[in-house]
Amino acid sequence: MRRYDLCLVVTLAIFAASCGSGSHTQLQSLAVTPAQAAPVNQSTAQFKAIGTFTDGHTAEVAAAWTLLPFCPDHAPCALTLPQPGWLTLSNSGIAECTGTGPAWTIHATAPADINISLSQITVKTKLVTATAQVTCAPPAAS
């Protein structure tokens, strides 16, 4: 074997080993559970992001959580309404009601590449999102 051919074979072998087989499990879709929650005043609701992956398995995934107003028919109300003082959402998906009010949308966002952590997300990161709805309900009448 000539020296050039040997170098080419070694280079290709190193490249193939570093790339693997080309299959890479990705996050394909995301769902938020529960899809709707109505915690009463002074209580919480825990939301979880459940991912479905390209290899078919499902699992809970870490997600970035955001809270936006519920806008029927995708109206532009999200840009005009401030976040309510009676509803908060933690980084771990816990919605806490300290009052009552209308529905708000919970957004969960995670990177499609399972090797990218939430802190590594950039504007070029492919993201997968899902939503749920939370309404802070008044206490039940006695």
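List of remarks:
- Residues of region 82-102 that are among the aliphatic types (A, V, I, L, M) and surrounded by fewer than 16 Cβ atoms within 10 Å (Cβ to Cβ): I94 alone.
- Among the residues of region 60-76, those that are at pLDDT 95 or above and part of a strand (DSSP E or B) comprise E60, A64, W65.
- Scanning region 127-142 for residues that are touching a residue at least 24 places away in the same chain (Cβ under 8 Å) and not in a strand (DSSP E or B) yields T135, C136, P138, P139, A140.
- Residues located in region 45-61, provided they are under 27 Å from E96 (Cβ atoms) and buried (at least 16 other Cβ atoms within 10 Å of the Cβ): A45, F47, A49, I50, G51, V61
- Picking from residues in region 62-72 that are over 18 Å from I116 (Cα atoms) and of a type outside the set (S, T, Y), the one that is surrounded by the fewest Cβ atoms within 10 Å (Cβ to Cβ) is P72.
- Residue pairs meeting the criteria (Cβ under 8 Å; at least 6 apart or on separate chains; first over 23 Å from L67 (Cβ atoms), in region 109-126; second part of a loop (DSSP other than H, G, I, E, B) and basic (K, R)): D113/K126
- Pick from region 94-123, criterion in a strand (DSSP E or B) and of a type in the set (S, T, Y), ranking: farthest from V40 (Cα to Cα): T109
- Unmet criterion (only one of (1) farther than 14 Å from A63 by Cβ; (2) polar (S, T, N, Q); (3) assigned to a loop (DSSP other than H, G, I, E, B)) for N91: (1)
- Within region 10-59, tally of residues that are over 17 Å from L89 (Cβ atoms), modelled with pLDDT of 95 or more and not small (G, A, S): 10
The values are calculated or read from the model by the stated rules, or taken from the named source; none is laboratory data. On a predicted model such as this, the values are computed, not experimentally measured, just so you know. Glycine gets a Cβ as well: all are built from the backbone with ideal geometry, and neighbour counts include every protein chain shown.
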